[in-house]
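Heads up: the structure comes next, in structure tokens.
Just so it is clear, none of the values below were taken in a lab; they were calculated from the coordinates. Computed from a predicted model, the values in this text were never measured in an experiment. Heads up, the Cβs are rebuilt from the backbone with ideal geometry, glycines too, and the neighbour counts pull from every protein chain shown.
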Amino acid sequence: MNFDFSEDDMMVRDQTARLLADNCAPSVVRSVLDGQSTYAEPVWRGLAQMGLTGTAIPEALGGSGAGYLPLCLVAQEIGAALAPVPFSSSVYLASEALLKYGSLAQQQLWLPQLAAGSVSATIAVVESPHALTESSIAVAWDGATLNGTKLLVPDGELVDLAVVVARGTDGVSLCLADLRDNGVERSPIETVDPTRNSATLTFTNTTAELLGESGQGWAELDAVQDRAAVLFSFEQLGGAQRALDMAVAYSQERFAFGRAIGSFQALKHMMADMYVALKLAESNCYYAAWALASDSAELPLAAATARVSATQAYQLCARDNIQVHGGMGFTWEFDCHLYYRRSNYLALQLGGLADWEDKLIAALPNTAA
């Protein structure tokens with residue numbers, strides 16, 4: 001495979017980077033961390049006005065129709081800036097579910113609003129702290145209403161719309177529920193990264209409609225998560241790159257014993273390991289971007305490979321960035337902990353690292369004679 005991003009893709013990336021540099025400084029991220037706001041509304045509005053929330057949505061449905069390759073690079077810049085907005089839940093998850101499984105009427109109603117950023121959305125899956133399995137889904141759907149509770153719903157306190165994994169008479173299905181004035185109780189949850197909103201959603205006779213095929217929700221969820229995993233991996237890649245950049249910059253300007261600390265062998269080796277992990281993840285993410293954009297049969301393998309390597313790279317870079325900064329790296333005033341928080345939060349999205357390692361093993365081609 002000989003793959004690279006086009007000049008147009010890179011132009012979208014550069015425009016996104018400029019938008020975030022102007023509107024999403026660390027002080028903006030910290031204002032959400034400190035509880036001054038639940039998300040950075042001006043950043044969300046800017047992303048929507050640039051058409052980035054509709055990057056992969058066809059023009060006929062209100063989006064720009066630019067495709068998945070520029071969206072991957074947008075995700076990378078959002079990860080680098082730690083943007084505290086409901087972008088991943090709305091764009092990587094809910095929009096993908098609607099694009100892949102929504103009826104024409106559902107797509108025509110919701111996708112233009114999602115593309116414009118006037119509506120935000122999410123997927124509600126988790127119900128207990130135990131391993132997620134098809135048999136563990138207990139939220140009930142009777143063909144018209146939902147009843148039950150979902151935990152750790154990404155951006156659950158903010159969004160207007162949710163794709164809910166629920167159990168009906170035919171088995172597990174995906175349901176589409178408007179959360180506004182519809183029998184939904186929202187309770188915010190504190191996580192390792194308060195800059196990314198999470199909430200418990202309790203449904204009480206909440207009106208909902210089928211999304212996709214009845215009884216096929218588990219397989220549909222798996223397909224949506226494979227697609228979202230590619231975009232989450234690019235977000236992790238952006239965060240890992242920024243953490244490495246911070247470590248390198250600090251090692252060049254901080255002096256000890258009359259020398260820049262970056263000249264010390266121990267730190268050289270540490271940053272070399274960070275760089276190798278980052279470049280491995282980048283290679284795997286590029287493979288996954290190609291698979292997503294071409295709708296390749298290799299997507300499950302590519303997504304799992306990217307997800308595992310990007311998770312490992314981000315956690316390593318975020319952790320060792322703190323180590324390079326030494327005692328200062330543990331202080332509230334330095335931004336190292338912002339990336340460490342985000343790396344751990346993203347590692348648990350769509351299931352943890354072990355889940356994606358299992359998916360990777362399952363997706364590997366059978367080479368037995």
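What ranking, highest mean first, results for peptides 245-257, 208-220 when packing means the other Cβ atoms within 10 Å averaged over each residue? Could you put the intermediate results ahead of the total?
On the way: 245-257: 15.0, 208-220: 18.5.
Output ranking for 245-257, 208-220: 208-220, 245-257.
How about segment 150-226: which trypsin sites (Lys or Arg not before Pro) there are in a DSSP loop, with at most 12 other Cβ atoms within 10 Å of their Cβ? Please report the intermediate quantities before stating the final value.
Numbers: sites: K150, R167, R180, R186, R196; in loops: R180, R196.
Sites meeting the loop and neighbour criteria: R180.
Check which residues have an amide H placed less than 5 Å from G168's amide H, if you skip close sequence neighbours.
W141, S173
Give the Cα extents of segment 98-198 along the principal axes, in whole Å, largest first.
38, 37, 25
Any number yet on Rg/Rh for segment 218-363, C-alpha, Kirkwood?
Answer for segment 218-363: 1.06.
Within the chain, what is the number of lysine pairs with alpha carbons under 23 Å apart, leaving out pairs fewer than eight places apart on the same chain? Working shown, then result.
Numbers: K100/K150; K100/K359; K268/K279; K279/K359.
Lysine pair count for the chain: 4.
Rg to Rh for segment 7-116: what is it, with Cα atoms only and Rh by Kirkwood? Show your work: numbers first, answer last.
Working: Rg = 14.0 Å, Rh = 14.2 Å.
So for segment 7-116, dividing Rg by the Kirkwood Rh gives 0.99.
Rounded to the nearest Å, what's the spacing between the alpha carbon centres of segment 321-350 and segment 1-67? Just the number, please.
Cα centroid of segment 321-350 versus Cα centroid of segment 1-67: 23 Å apart.
Quick one: Karplus J couplings for segment 115-127, per residue in order, coefficients 6.51, -1.76, 1.60, θ = phi - 60°, nearest Hz, x for Gly and Pro?
In residue order, the calculated couplings are 5, 7, x, 6, 10, 10, 8, 7, 10, 10, 10, 5, 10 Hz.
Helix-only estimate, please: 222 nm mean residue ellipticity of the chain, summing -39500 (n - 2.57) across DSSP H runs of length 4 or more and dividing by its residues, to the nearest 500.
Estimated from H runs of four or more residues: -16500 deg cm²/dmol.
Hey, what do the phi angles of segment 82-97 turn into as Karplus ³J(HN,Hα) couplings, whole Hz, using 6.51/-1.76/1.60 and θ = phi - 60°, x for Gly and Pro?
Residue by residue, segment 82-97 yields 6, 4, x, 9, x, 6, 5, 5, 6, 8, 6, 9, 5, 4, 5, 4 Hz.
Using the Cβ atoms and a cut-off under 10 Å, what net charge is assigned to the surroundings of K359, where Lys and Arg are +1 and Asp and Glu are -1?
-4
Across segment 61-74, in residue order, what do the Karplus-derived ³J(HN,Hα) couplings come to in whole Hz, using 6.51 cos²θ - 1.76 cosθ + 1.60 with θ = phi - 60° and x for Gly and Pro?
10, x, x, 8, x, 6, x, 7, 5, x, 5, 4, 6, 4
Hey, could you grab the Kirkwood Rh for the chain? Inverse mean 1/r over distinct alpha carbon pairs, Å, one decimal.
About 21.0 Å for the chain.
Based only on other Cβ atoms within 10 Å, what is the fewest-to-most ordering of K279, K359?
Details: K279 12, K359 23.
Least to most surrounded, the residues fall as K279, K359.
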